[in-house]
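Some notes on the structure that comes next.
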Amino acid sequence: MLLRVVISPDNIRRLDISEDLESLEQLKGILTERLQLEGDFLIQFEDPDFGNELCNLTDIRELPPERAVLKILKSFIPTESPASTSTFSGLDSDSMSSPSTSAAQGSSVQLRRRESAENWPSPFPIPVFSFDVALRLSNGDALFKESGVLLTVPREMKMDILDNLAQAMFSYKAYPKTQEIESVAAALIEKHPSLADPGVGTGFHSWAMSIRYKLGNYRQKLRMAGCNEVRVNQRKNAEVTRCLKKARRCEVNFLPDNPEGQTDESQERERKLIQEEVLKRLPNKTLIESKMEATFSLRRKGIVEEEPPIADVLEKWPALFLEEQIYAEFFRITQVDLKKTFLTSLDAHASNLIKLYRTRSGTQGKDLKALLDNLDEQTTDVLAQRKATALRGLPLYLRENPGNVLKTCLDTDSEETSVAGVQLGIVTIVEDDVGRAHSMPRTVNIALVIEEKVVVDNISDISTAIVLLFGCIYNLNLDYPKGLKYTFEALQKIFMNLGTECSARVQAQKNNLLK
């Protein structure tokens with residue numbers, strides 16, 4: 001029997017089993033031995049009777065004859081492939097809590113390219129060096145502690161130290177900031193004081209400079225080896241007038257390479273299956289989720305490198321604009337649960353934001369006052385209205401014009417009129433009812449529009465619409481809307497906690513908010 005065994009997206013194996021399988025236990029024993037698996041695990045198989053959907057294998061007779069596709073589930077550590085130690089989708093009941101959470105958790109363990117999605121570690125964990133270097137450092141530190149004599153570091157020893165540091169740093173970030181590089185140098189000297197710079201000063205300045213240059217050299221090696229994440233940031237040719245964007249918004253998996261055993265051609269076949277599934281009257285969301293995870297690297301490569309118009313993305317990747325897939329894709333890129341994090345922050349900050357708005361005066365204060373007056377007139381669903389007001393008032397408080405992003409139209413307007421001129425924004429369709437001239441109009445629809453194309457409609461409320469807009473900016477590698485850079489910086493760094501360094505305007509708001 002010929003088997004295709006999916007251990008993880010990065011570890012897919014082909015097995016040819018010559019012996020006749022008589023029991024499920026026999027199959028498990030063969031898989032454990034041939035694939036070097038540890039611990040107990042669950043086997044799923046693609047059932048041809050149900051459109052190749054995954055089903056738990058409980059009887060060996062359920063397997064299709066001659067060939068089958070298996071998937072291994074359960075937490076264990078494969079001894080052969082250390083690079084994929086965190087690639088398993090465990091049987092976690094918490095993943096059933098909500099659509100956004102389940103999509104996020106499903107991709108969290110299967111598409112993680114970085115070692116950590118957390119902020120830069122402090123103190124930075126210094127890696128283990130080669131045996132001879134570690135021995136020299138141990139002896140040097142002992143001598144320094146005894147007599148204060150610094151260690152003389154030969155060139156090959158310094159290269160070994162810098163190589164290991166560069167690899168360890170790249171596992172967290174491809175482009176660390178100056179203070180992050182300095183934190184690594186400081187941690188190195190703290191662990192090995194015999195390496196300190198002679199004389200006064202920080203004691204690690206020369207090491208920080210060396211680490212910076214070594215990182216540049218290491219990225220160049222990776223670029224020549226075909227690493228997409230660093231290759232994308234060089235100029236394509238002499239005619240290119242600007243470099244493509246780096247990962248500057250705390251992306252963890254900005255441009256990952258293809259999983260082991262996968263090619264662009266194999267992922268293209270998966271993409272076409274997604275395209276066909278979305279067109280069905282009742283698409284299989286589980287199948288779409290698994291295929292979207294499997295094609296993540298192909299999708300990012302096309303979006304980041306080619307920067308296609310939104311119409312092309314809609315045609316090639318229609319599933320990317322399903323609400324649950326917007327959340328899942330954002331998680332694949334940042335390892336952060338978009339909906340949960342955003343709405344939790346909104347719940348925490350809404351009241352204080354409205355208090356700040358009430359203190360604002362001047363020209364923008366008039367618009368804020370009108371917004372707050374509408375809130376005070378509300379008698380139903382006040383909590384939702386407060387959240388919407390907190391978000392609508394954010395650009396006004398930061399002295400920006402939300403008109404280019406938040407647009408309101410009547411339900412009697414044509415779609416062409418409603419989306420005209422909207423490059424990136426939210427269009428709210430309200431009822432054209434003269435009887436409501438002196439009251440709040442009823443919202444008929446809320447739609448997300450990019451490049452004058454409706455990409456998501458029938459959104460439940462303005463808060464969800466802004467969450468989806470923020471997710472699409474990351475998923476499609478878009479710039480923040482013109483004229484609203486401070487608003488989206490606040491959403492990123494205050495609401496989503498992605499990044500810490502704020503501009504003066506956003507930092508002032510953050511300070512006032514957290515008083």
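Given R₀ = 56 Å, FRET efficiency for Ile60-Thr178 by Cβ-Cβ distance, to 0.05? Can you show the working numbers first?
Values: r = 59 Å, r/R0 = 1.06.
Once rounded, the FRET efficiency stands at 0.40.
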On the formula 1/(1 + (r/R0)^6), with r taken between the Cβ atoms of Leu24 and Thr263 and R0 of 45 Å, the FRET efficiency rounded to 0.05 is 0.90
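Going down the list Lys301/Lys339; Lys366/Lys407; Lys285/Lys340, which pairs span over 22 Å between their C-alpha atoms?
Result: Lys301/Lys339 exceed 22 Å.
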Under 18 Å by backbone N from the virtual spin label 7 Å along Cα-to-Cβ at Leu2, the residues of segment 38-75 are 46-48, 63-71
Expressed in nanometres to one decimal, the distance between label points 7 Å along Cα→Cβ at Glu190 and Ser130 is 2.8 nm
A student applying the Cα gyration tensor rule (rounded when a/c is under 1.5; otherwise prolate if a/b is larger than b/c, oblate if not) would label segment 1-73 rounded
Quick note on Asp49, Asp461, ordering by fewest other C-beta atoms within 10 Å, gives Asp49, Asp461
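Against the empirical 2.2 N^0.38 Å scaling, what ratio does the C-alpha Rg of segment 264-334 come to? Could you put the intermediate results ahead of the total?
Working: Rg = 11.4 Å, N = 71, 2.2 N^0.38 = 11.1 Å.
Here the Cα radius of gyration is 1.02 times the empirical estimate.
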Extend 7 Å from the Cα of Met224 along its Cα-to-C-beta direction; within segment 153-193, residues with backbone N under 18 Å of that point are 159-160, 163-164, 166-167
Quick shape check on segment 338-513: root eigenvalues a ≥ b ≥ c of the Cα gyration tensor, a/c under 1.5 is rounded, otherwise prolate if a/b tops b/c, else oblate, and it reads oblate
Output ordering of 317-326, 299-308 (per-residue mean of other Cβ within 10 Å, highest first) is 317-326, 299-308
Exposure-ranked with fewest Cβ neighbours within 10 Å first, Met496, Met159 stand as Met159, Met496
Descending packing, highest mean Cβ count within 10 Å first, for 25-36, 171-182 is 171-182, 25-36
For the Gln275, His205 Cβ pair and Förster radius 45 Å, calculated FRET efficiency rounded to 0.05 is 0.25
Projected convex hull area of segment 131-231, Cα atoms, direction-averaged, in nm², equals 6.8 nm²
Excluding residues fewer than 8 positions from Lys191 in its own chain, the aspartates and glutamates with Cα under 19 Å of it are Asp132, Asp141, Glu146, Asp160, Asp163, Glu180, Glu182
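Every number in this text was worked out from the coordinates using simple rules, so none of it is lab data. Small disclaimer: the values here were computed from a predicted structure and weren't measured. Every residue, glycine among them, receives a Cβ derived from its backbone with ideal geometry; neighbour counts consider all protein chains shown.
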